[in-house]
Structures are given as structure tokens and as C-alpha cells.
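The values are calculated or read from the model by the stated rules, or taken from the named source; none is laboratory data. From a predicted model like this one, the values you see are computed outputs, not experimental measurements. Please note: Cβ atoms are built from the backbone with ideal geometry, for glycine as well, and neighbour counts cover all protein chains shown.
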Amino acid sequence: MIWVFLVHLLLLLPFSSQGANPGLVGRITQKGIDYAHQLGIEVLKSQIPKIQIPDMSGRYDIGGIGDVKYEVSRMHILEFQLPQSAVTFFPGTGIKLSISNAYIKINGDWRVKVLFISDSGSFDISVSGLSISAVIWVKKDDTGRPAVGSAGCSSSIGDLSIKFHGGTSWLYNLFTGALEGPIRNSLNEKLCPEVNNAINGLEPHLQTIPITAQIDKIAEIEYSLVNPPEITDKYTDLDFKGEFYNIGQHTEPPFSPLPIVLSDQTDSMLYVGISEFFANSAGFVYTRAGALQINITDDMIPEESPFRLNTHSFGVLVPEIEKLYPNMSMVMHLSASKQPVLTSQPDNLTVVVTGEIKMLVILPNASLAPLFILGLDASVSAKLLVTGVSIRGELSLNKFSLSLDHSDVGPFDVSKLQTLVNLALKLVVLPQINEKLAKGFPLPTIDKIKFVSPSIKINQGFILIATDIQYTP
């Protein structure tokens, strides 16, 4: 039904203490729920005819004749028209569904008995001026998942008329007045309970919503709600944890998310604000796991490169190397000594990397002998792309500097190694990182939803994605 789809849409994105700053913020606008409304109306029109109306029976006393016994059965909806409906935000509570001037045509069978006479036939009931108003509250439960419920419902029926077919007219005319009241009351009494049942029926499904997404063998992202939804008359903002953790070890990093302040933008259906904290928590997790390291060997260097990862090439720059270890292969071990730090400034994303480079020689017995250790400080630019419902990244090297932290082959001019290190970073290290970033990080959505024409804007302290959405049944 329409309210089912709308509530799911409110919870489109990533979902823990009260008042905590989120790592991610999702905003659904009036344009977004208008789109959901259009889809929901089509669902509603297809579902209404499936509603089962119970059989009814009763007695109706007619003066001078006595009791008229009647039964109506096999009632089903033939036609449903919905000329006026709207869905709006209900500030501070949730969403409001309003239906007015709806029309329903119902067909069924009738049977009547008066004195010793029985008769039967079929009938059509036309209900016009049908109105329903329902408010759904949206909250955060103790697990960080969304919770919904009915905050009120009212319904009314304007006109109801019955047209009989078959049988003897003087008989069914006796109980026409008897049926109109009970049928009107029965329909009216069932409308809000059906709406409330549909709303309450969402809760078991919401409890199955995953609030973590596993990225790989090392990391997962938590998407629990950290604050109750902020619902205004123009949009709803949802604050999500948006934090990477080592799988099974939820250790908090030594930094916290700063507030994400979205302007009153409402042109797109959906907005997602991603803080620096989101990316930096990933850096903390992978550094803590020792995953930010790589061994580079000569077979990883492109064949056309004039520099090889061996003592002959390095001996040109540091002669002592080839003197000590002539014609031997080498290994370059790169690792992060600190977690990478992403900084977001208007139209600019920069990642600062601090690490070390250990150069080792492979001895004839396959053991490794240390040569020297370089300190590495690098600045990397990041580009982001949204595809499907994932955010992807690509890094490019801006600049880097080297320092000699330790040497087993004597002092030498570190600047001579700039070209070799630059080659290793650009041709080996960054391509491997970008391959992983190209797989993307999922932004949780409901099934069969995809982003349409998303745009990305880099702001101070956070990244803003603005997008429309498309639902494919």
C-alpha cells in the first residue's frame, strides 16, 4: 500500500547515543515523497480490489409485515477511483496521507426472506465522497533501527447507493434502507483498522533491516540511527552512525564526527551528506588492522620502465648498494605509519598519507637484508563518483617528500630516489588502491531503488550528494 512504500522511502539511506553527531545524514524532500506518492497510488489502485469484504446478515422489522431476514455475500470491489490524494510531512511526527472524494463500486449477491417468501439476486453498491486521513509516526528504536506506528486515522463516506438486479422488486425494496446503514458502517469501520494494520505490519520488516554492511574481510560500516528523525514541513533529515569498524571489534577512533549542516535545499528528491569522519574512520580501521601495506617486487614494475627493482638500478643512485649486493633483486615495502587523513574543503578533497618505505635486498638463500628506511609524506587528491547506489573513489598523486630515517649502506642523497619512488607510487601502489575504491562503498537503500542524475559537491567538512531516485518494481 502507499503508506508502506512511503515509510520505506523515508528510510532510504544509511541508518549511538542521543544527540550524537552523525557520520552520514540523509534527507528526503517533499519532491521525494511526491514521487513515492505517485508510485504508491498505483500500488493502492491494484491492491484495493483485493480487499475482502465479509458477508453480512441481519433482520429488519417492517411494520405490518414483520421481520425481513437478509443476507449479502460474495462482495468484491469492481471499480476504484482516486481523484484527490496527497502525502505531506507532518512536522515533528512523520508523514500524513490524505485521500478525498474517492469512489468505490462494489458488487455482491443478496438473499431475502419475508414471511414464507424467499428471493435472491445481485446488487451494486456505489460509494462516493470517500475520505481517509492517516498520520504515521517515525521514530528510532533502541537498536538504532526505524520504528513506525499510527499516530491517528479518520475516515468518512459521503454517499452510498444500492442498485439491485434480479428477484422481485417489491421484496428487495423492503430492505434497501436496512442495508445502506449497515454496509456504510461496516465499510467505514474497516477503513482505519485496515490502514493501521498495514502500518503496524511494517514493524517486523523494519526489524530485519541490516544496520551494518560488510565491506571485506576487515571492515564493516554501521548505519544505525543515532538520533530521532528531524521532520519539518519540507523535508526529513535522518542522522546515521556512518562509521567503519573492524569486523567484530567496535573500537572507537580517537576523533569524533563534526556536525553536518545541510542548507534548506529541496530541489532533488534525496540528499546525502558524508562527513570527513566517515572516510577517516575507514583509515583508522585499515591502519589498525595492518592492511595499509604492500610489497613491491620487480615483476610488478612495467616492462618498459628503464628502472628496475634491483641493486644494479639502485646502485646507479647509491653505489654502495651494488658494491655490497651485486646483481640482486630487491623488495620495496610500503606501509602507513599513521592513518591517512582526508580533508574536505570547497571543491577539493585531499588525503594526507604518512608512511615509511623499507628497501630490502633478496639474498641468494631467499632471506632479506635491510638496506635503508625512508620516511614518506604524500598528498593525494580524491575524486568521487556515484554509480547505482554506491559511492566510488579514485586517487591521484599530488606531491610527496622523502626523508632518510635509517640506512645500512651509509648516508646518501635521498632526492636521487624521487623518480623511483614516484614510479612505484603511480604505477603500482595507486592502481591497486584505486582498484579497491572502484568497487565502491554501498549506500543502503531499499531494494529496486537506484539514483538518477546524482551530483556531488565538496563542502567544508563534508561531501553532499544530491540525486533523484527511480523505483523499478
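Remarks
- Residues (within 21 Å of Lys416 (Cβ to Cβ) and surrounded by fewer than 16 Cβ atoms within 10 Å (Cβ to Cβ)) located in region 370-395: Pro370, Asp377
- Of Lys436, Lys457, Lys399, all but one fail to be surrounded by fewer than 16 Cβ atoms within 10 Å (Cβ to Cβ) and at pLDDT below 90; the exception is Lys436.
To keep it simple, each residue is scored yes or no on (1) surrounded by 19 or more Cβ atoms within 10 Å (Cβ to Cβ); (2) among the aromatic types (Phe, Trp, Tyr); (3) at pLDDT 90 or above; (4) over 26 Å from Ser154 (Cα atoms).
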| position | (1), (2), (3), (4) |
| --- | --- |
| Gln52 | no, no, no, no |
| Gly58 | no, no, no, yes |
| Gly64 | no, no, no, yes |
| Met75 | yes, no, no, no |
| Phe89 | yes, yes, yes, no |
| Asn101 | no, no, yes, no |
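- For region 106-119, the set of residues classified as surrounded by fewer than 16 Cβ atoms within 10 Å (Cβ to Cβ) and small (Gly, Ala, Ser) consists of Ser118 only.
- Inside region 235-252, residues that are out of contact with any helix residue (DSSP H, G or I) (no Cβ under 6 Å at 6 or more places or on another chain) and farther than 23 Å from Thr208 by Cβ make up a count of 5.
- Among all residues of region 406-425, there is at least one that is assigned to a strand (DSSP E or B) and either assigned by TED's automatic domain parsing to the domain that holds Thr311 or farther than 26 Å from Asn280 by Cβ (or both).
- Residue check, Ala219 aliphatic (A, V, I, L, M), out of contact with any His (no Cβ under 9 Å at 6 or more places or on another chain), buried (at least 19 other Cβ atoms within 10 Å of the Cβ) and within 24 Å of Lys457 (Cβ to Cβ): no
- Any hit, region 195-211, residues being buried (at least 17 other Cβ atoms within 10 Å of the Cβ), within 26 Å of Gly26 (Cβ to Cβ) and hydroxyl-bearing (Ser, Thr, Tyr): no
- Of the strands (runs of 3 or more DSSP E) contained entirely in region 34-102, those carrying at least 3 residues that are touching a Pro at 6+ places or on another chain (Cβ under 9 Å) fall at 66-81.
- Unmet requirement for Ile125, which otherwise passes all of (1) touching a Lys or Arg at 6+ places or on another chain (Cβ under 9 Å); (2) more than 26 Å from Ser100 (Cβ to Cβ); (3) crowded, with 18+ Cβ neighbours inside 10 Å: (2)
- Filter result for Asp405 (touching a Lys or Arg at 6+ places or on another chain (Cβ under 9 Å) and of a type in the set (Asp, Glu)): no
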